[in-house]
Ligand SMILES: Nc1ncnc2c1ncn2[C@@H]1O[C@H](COP(=O)(O)OP(=O)(O)O)[C@@H](O)[C@H]1O
Ligand SMILES: [Mg+2]
């Protein structure tokens with residue numbers, strides 16, 4: 001089943017094209033990795049999908065709902081508030097720099113969104129929160145504040161915070177690039193476990209071995225375009241486009 | 001001596017009333033002004049900016065005189081002196097508080113808004129539960145300074161004839177050919193500010209549970 005369909009997505013900043021017609025689909029249970037050089041538009045793509053940036057053209061469908069569409073003439077129209085809200089609830093986003101709430105305890109970071117957005121009771125939210133913290137290996141840290149945790153622990157809390165809202169798709173924007181190298185492993189392991197549980201995910205990453213390992217499909221982006229798309233075996237084993245080859249050579 | 005102290009205590013109550021009422025009105029009004037200053041609409045933000053510039057760029061004493069006497073020239077009558085004092089202090093302090101609020105709000109990383117948005121928080125919830133608590137922590141030192149200044153500024157109410165602590169002390173000094181009353185007034189102000197200062201220290205400590 002198609003969960004996300006993006007067609008001809010365009011985005012520019014001050015007239016400068018950053019996404020120049022991106023189209024792809026994401027199926028239920030699929031793990032899609034997006035790789036590409038810095039500045040190629042990977043973050044912008046996730047930000048358009050999660051409504052952090054308005055698009056300049058194209059269509060985005062999430063879980064059968066049209067979030068935004070545009071005519072051939074380039075008139076962009078977003079769905080009504082209600083729909084946008086429901087689309088938002090289907091998508092989770094894990095940021096590069098976590099963006100935890102510093103004034104809330106670890107547990108409160110995870111319960112607050114559940115209580116406000118899903119209207120769960122405090123008991124229920126805490127139950128879900130504790131289960132997720134256990135899964136993340138952080139059950140001892142529920143009373144700690146984010147600044148008392150390592151980067152890797154903070155990122156695990158932010159993954160738990162996103163998962164607590166039961167998103168249909170979880171998106172990651174370079175979840176390990178703000179971390180010390182020795183801390184990336186714990187995050188990659190968590191994402192790998194989620195992949196095993198058939199969580200639908202889009203992972204922007206520069207960890208090539210990791211992308212190869214967990215992905216069902218990989219997209220290589222360059223300069224606002226999808227240059228190549230395929231299975232990890234095809235894309236890493238036998239890249240077709242010279243730009244893909246050149247990019248991957250740097251990671252050999 | 002007992003009589004003098006009693007007079008001064010009564011005047012201190014007036015000073016405290018000015019202090020309390022000014023805070024009561026200017027703290028929330030300042031938030032409104034800050035919002036106006038940050039408004040996307042350039043007309044609103046410019047008008048509010050001019051207001052802030054006037055409030056911060058002219059002496060409070062002049063503003064008090066203006067607030068009290070301008071209605072006489074325009075309408076032929078004015079409100080009572082005490083009301084004028086409260087209005088004058090409130091619009092002046094709201095401007096200062098607004099700038100402190102604005103600085104605090106703008107110092108919150110954009111990621112806090114983005115995380116709130118992606119999680120599905122409403123705008124109001126984001127402000128009350130994510131932004132405001134962090135702003136409060138950041139602005140406490142600046143607010144402490146401003147509130148201490150307000151305690152001392154209450155002495156200016158005498159310019160439009162309100163018998164606050166300093167005015168009463170001066171009168172007593174003149175009457176009794178003694179600097180004692182003024183010295184006592186100084187001690188009173190000092191004590192009030194010691195309490196203010198201590199309260200802000202406690203508040204700062206209380207919010208020290210995170211960096
Ligand atoms: N808010 C913005 N304003 C202007 N330009 C931006 C903004 N965000 C991103 N860009 C530009 O868009 C391009 C793509 O950025 P980004 O999506 O962050 O790339 P990536 O995540 O692949 O490194 C870059 O050239 C970047 O400078
Ligand atoms: Mg990026």
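Normalised by the number of residues in chain A, what is the relative contact order in percent for Cα pairs under 8 Å and 6+ residues apart? Rounded, it is 25 percent for chain A.
Taking a ≥ b ≥ c as the square roots of the eigenvalues of the Cα gyration tensor, an a/c ratio of 1.5 or more together with a/b no larger than b/c marks the range A:2-249 as oblate. Rounded to the nearest 10 degrees, what's the angle between the helix B:42-57 long axis and the longest principal axis of chain B, both from Cα atoms, 0 to 90? Tilt of helix B:42-57: around 30 degrees. Counting, for every residue in A:95-105, the Cβ atoms of other protein chains within 10 Å of its Cβ and taking the mean gives 5. Ratio of Rg to Rh for the range A:71-114: 1.19 [Cα atoms; Kirkwood radius as inverse mean 1/r over pairs].
Here the simple spin-label model places points 7 Å from the Cα toward Cβ, and for residue B:16 and residue A:189 these points are separated by 6.1 nm.
Result for chain B in a Gaussian network model with C-alpha springs under 10 Å: among B:115, B:155, B:84, the largest mean-square fluctuation is at B:115. Taking the longest Cα principal axis of chain B as reference, the axis of helix B:110-119 is set at about 60 degrees. Fewest-first ordering of B:79, B:210 by other beta carbons within 10 Å of each residue's beta carbon gives B:79, B:210. Mean residue ellipticity at 222 nm, helices only, chain A: -10500 deg cm²/dmol; runs of at least 4 DSSP H residues each add -39,500 (n - 2.57), and the sum is divided by the number of residues. Residue order for B:116, B:78, fewest other beta carbons within 10 angstrom first, comes to B:78, B:116. Counting Cα-Cα pairs of the range A:68-175 in 5 Å increments starting at 0 gives whole-percent bin shares of 2, 13, 20, 21, 17, 10, 6, 5, 3, 2, 1, 0. Modelling each spin label as a point 7 Å along the Cα-to-Cβ direction, I'd like the residue B:138/residue A:38 distance in nm, to one decimal. Rounded to a tenth, the inter-label distance reads 2.6 nm. For the range B:24-90, the alpha-carbon radius of gyration amounts to 1.25 times the rule-of-thumb value 2.2 N^0.38 Å expected for a compact globular protein. Cα extents for the range A:153-252 along the principal axes, largest to smallest and rounded to whole angstrom: 41, 29, 25. Ranking of B:16, A:163 by neighbouring Cβ atoms within 10 Å, starting from the fewest: B:16, A:163.
Highest average first, the peptides B:179-186, A:75-82, A:149-156 ordered by how many other beta carbon atoms sit within 10 Å of their residues are A:149-156, B:179-186, A:75-82.
Legend: translational diffusion of the protein assembly as shown by Stokes-Einstein, Rh = Kirkwood radius over C-alpha pairs, 20 °C, 1.002 mPa s; D = 82 µm²/s.
Sorting the segments A:21-33, B:32-44 by their residues' average number of neighbouring beta-carbon atoms within 10 angstrom, most packed first, yields A:21-33, B:32-44.
For the residues of A:48-57, the average number of beta carbons from a partner chain within 10 Å of their own beta carbon is 1. Here the simple spin-label model places points 7 Å from the Cα toward Cβ, and for residue B:193 and residue A:177 these points are separated by 5.2 nm.
The alpha carbon centroids of the range B:1-62 and the range B:70-109 are separated by 4 Å. Extents of chain B, largest first, come to 69, 47, 23 Å (Cα atoms, principal axes, whole angstrom).
Give me the distance between the Cα centres of the range A:201-227 and the range A:46-119, rounded to whole Å. Going from one Cα centre to the other spans 21 Å. Multiplying the residue separation of residue B:77 and residue B:128 by 0.36 nm and removing their Cα-Cα distance gives an extension gain of 14.2 nm. Taking all Cα-Cα distances within the range A:182-232, those exceeding 18 Å account for 32%.
Across peptide B:108-116, the mean count of Cβ atoms from other chains lying within 10 Å of each residue's own Cβ comes to 5. The fraction of Cα-Cα pairs per 10 angstrom bin, counted from 0 for the range A:32-86, comes to 22, 48, 27, 3 percent, rounded to whole percents. Nearest 10 degrees, 0 to 90: what angle lies between the long axis of helix A:106-117 and the longest principal axis of chain A (Cα atoms)? Orientation of helix A:106-117: about 70 degrees from the principal axis.
Each value in this text was obtained by applying a stated rule to the coordinates, not by laboratory testing. Quick caveat: nothing in here was measured; it's all calculated off a predicted structure. All Cβ positions, glycine included, derive from the backbone under ideal geometry; neighbour counts span all protein chains shown.
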